[in-house]
Amino acid sequence: SFRHNLGLGVGDTITLEAPAGTVSLPIAAVMQDFDSPRGVVLMARDLYRRHWYDDAITRVYALVDAGADADAVRAEITRRLGATYGLRVGTAADLRDYFANQVRQAFFAVDLLAGGVLFVVLVGIADTLAAGVLDRVRLFGAMRAIGARSTHVHRLVIAESLMLGGLGLALAMTSGFALGALWVRSTFTHLLGWVLDLYLPLRQVGALCLVTIAVCVLAALLPARRAARIEVGEALRYE
């Protein structure tokens, strides 16, 4: 975020205003950090104290040794220093889960919208297939007359529903991935400042595909049953 918003990188110099005067510092490294959407400047505490006259500490990161129990370390820090300094001690996973939960709450309405879309898909495909069955009564009758069984007609309507669902999924995933990439790479960064990595949730995509297929099959059940029960003689006389 710092590099994107300020246009500075490794080897450049950043100039900051401090109570002691203007401070120019070389940029030694750039890392990913989400503490601020504009970017975060990390420096030695002695350097900060010397130029900003500030001894206060608001956040401390503790690096736990490999193999150590992070929960045990947290409990010990809380026991020794928590009550004295009013500390709130948490792990990096706690912080990540907090922000993830905030995002889930913000986008909770999207799940409701997805449910509404699936209901519309259910009604739309069922209506389309029902109309298609009525328009092809003579065709189904002719198929039955030349030897097709009712199960064949039933499967044909189900296959048609799955084909419609497959085309819809292909269009939805193509447009959805393009819009998601645009949102993550450009819109989100310009609106809020944070630079995010593009992530494709394969598990959720797979689950959505299965649910969509199930909805398509459910929508085709009644039209398929109607098509399979068409009488040959009645169908051939149908106008």
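Highlighted here are the helices (runs of 4 or more DSSP H) found entirely within region 1-115 that include at least 2 residues which are among the acidic types (Asp, Glu), open to solvent by less than 100 Å² (accessible area, probe 1.4 Å) and out of contact with any Ser or Thr (no Cβ under 7 Å at 6 or more places or on another chain): 70-77, 92-106.
Considering only residues in region 39-80 that are within 25 Å of Trp194 (Cβ to Cβ), among the β-branched types (Val, Ile, Thr) and in contact with a Leu (Cβ under 9 Å, 6 or more places away or on another chain), the one that is modelled with the lowest pLDDT turns out to be Val60.
Taking the conditions (1) more than 30 Å from Gly180 (Cβ to Cβ); (2) open to solvent by 90 Å² or more (accessible area, probe 1.4 Å); (3) polar (S, T, N, Q) in turn, Ser150 satisfies each one other than (2).
Do we have Arg185 as in contact with a Leu (Cβ under 8 Å, 6 or more places away or on another chain), modelled with pLDDT under 90 and loosely packed, with under 15 Cβ neighbours inside 10 Å here? I'd like the intermediate steps shown before the answer.
Working: in contact with a Leu (Cβ under 8 Å, 6 or more places away or on another chain): yes; modelled with pLDDT under 90: yes; loosely packed, with under 15 Cβ neighbours inside 10 Å: yes.
Spelling it out, Arg185 is indeed in contact with a Leu (Cβ under 8 Å, 6 or more places away or on another chain), modelled with pLDDT under 90 and loosely packed, with under 15 Cβ neighbours inside 10 Å.
Anything in region 193-207 that is open to solvent by 90 Å² or more (accessible area, probe 1.4 Å) and either part of a helix (DSSP H, G or I) or over 15 Å from Gly176 (Cβ atoms) (or both)? List them, or say none. If the condition is that a residue be open to solvent by 90 Å² or more (accessible area, probe 1.4 Å) and either part of a helix (DSSP H, G or I) or over 15 Å from Gly176 (Cβ atoms) (or both), then Asp197, Leu202, Arg203, Gln204 are the ones that fit. The single residue among Ile213, Ile158 that is in contact (Cβ under 8 Å) with a residue 12 or more places away in the chain, within 23 Å of Ala130 (Cα to Cα), in a helix (DSSP H, G or I) and within 25 Å of the chain's Cα centre (by Cα) turns out to be Ile213. Taken as a whole, the condition of being at pLDDT below 90, more than 36 Å from the chain's Cα centre (by Cα) and under 30 Å from Asp69 (Cβ atoms) does not apply to Gly147.
Looking only at region 121-136, residues that are surrounded by fewer than 15 Cβ atoms within 10 Å (Cβ to Cβ) and at pLDDT below 85 come to 2 in all.
The values are calculated or read from the model by the stated rules, or taken from the named source; none is laboratory data. Quick caveat: nothing in here was measured; it's all calculated off a predicted structure. Heads up, the Cβs are rebuilt from the backbone with ideal geometry, glycines too, and the neighbour counts pull from every protein chain shown. Note: accessible area is taken over every heavy atom of the protein model, side chains too, but ligands, DNA and RNA are not part of it. Shrake-Rupley method; radii C 1.70, N 1.55, O 1.52, S 1.80 Å.
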